[in-house]
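Below is one structure; the comments refer to it alone.
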Amino acid sequence: VAEVVVQRSYDEGMRQQLDLGENEAVPESEGDFDGDGFSNGLEFFTGSNPEDNQDSLPVVSWVAEAEDGNRYLYLQVAQNVHALEGQEVIPQFSYNLADWVSFPEGHEVVDLEFSAGKLVRYLEPVDSTETIFIRLKLSDG
């Protein structure tokens, strides 16, 4: 028997998660309700709890060598099956944590095959002495 998955917008999901009444304001998606450093929107998208700063964001990163001999950076992020379709992760990179650049052609984002989530691969080889920072933002979907 297949289970029906109800998808919700950010506002609908947060109303349910935070048990908000119809006239109560929903925390902004760019805000950080629990102060853990992850936006409310990203926590909703990944299924972590925006009220609990101990509920960590399920992101895994690694560097792996490809068949061409180069090393590539990978990120894997879980996705809340209730999050409304159309909302996408947008990889951004920085060399100094101050200046962030969205560079869509520099990343490949694919759906995971056997679980709800996304796999992001930075398409430029990563030098072992190079420092690069990657973060994931969300589209307005």
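The values are calculated or read from the model by the stated rules, or taken from the named source; none is laboratory data. Predicted, not measured: the structure shown is a model, and the values here were computed from it. When we count neighbours, we look across all protein chains shown, and the Cβ atoms used for this are built from the backbone with ideal geometry, even at glycine. With ligands, DNA and RNA removed, areas are computed over all heavy atoms of the protein, side chains included. Shrake-Rupley method; radii C 1.70, N 1.55, O 1.52, S 1.80 Å.
What the table below lists for this structure:
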{"item": "Percent of beta bridges antiparallel (DSSP, the chain, rounded to nearest 5)", "result": "95 percent"}
{"item": "Enclosed volume per residue, in Å³, of the convex hull spanned by Cα atoms of the stretch 75-132", "result": "106 Å³"}
{"item": "Average Cα contact separation per residue, the chain, under 8 Å, 6 or more apart, as relative contact order %", "result": "22 percent"}
{"item": "Area accessible to solvent at His82, 1.4 Å probe radius, in Å²", "result": "70 Å²"}
{"item": "HN-Hα J in Hz across the stretch 105-110 - Karplus 6.51, -1.76, 1.60, θ = phi - 60°, x for Gly and Pro", "result": "6, x, 9, 10, 10, 10"}
{"item": "Answer label, with volume of the Cα convex hull per residue in Å³ calculated from the coordinates and candidates (i) 139; (ii) 111; (iii) 160", "result": "(i)"}
{"item": "Lys, Arg +1 and Asp, Glu -1 on Cβ, resulting dipole of the chain about Cα centre, debye, nearest 20", "result": "240 debye"}
{"item": "Neighbourhood net charge (11 Å Cβ-Cβ; Lys/Arg +1, Asp/Glu -1) for Leu123", "result": "-2"}
{"item": "Under 10 Å, Cβ to Cβ, from Trp100 - net charge with Lys/Arg +1 and Asp/Glu -1", "result": "+1"}
{"item": "Most positive-pole-ward Cα, Ser9, Phe38, Leu97, against dipole of the chain from beta carbon charges", "result": "Leu97"}
{"item": "Local net charge near Val63, Cβ-Cβ under 13 Å (Lys/Arg +1, Asp/Glu -1)", "result": "-2"}
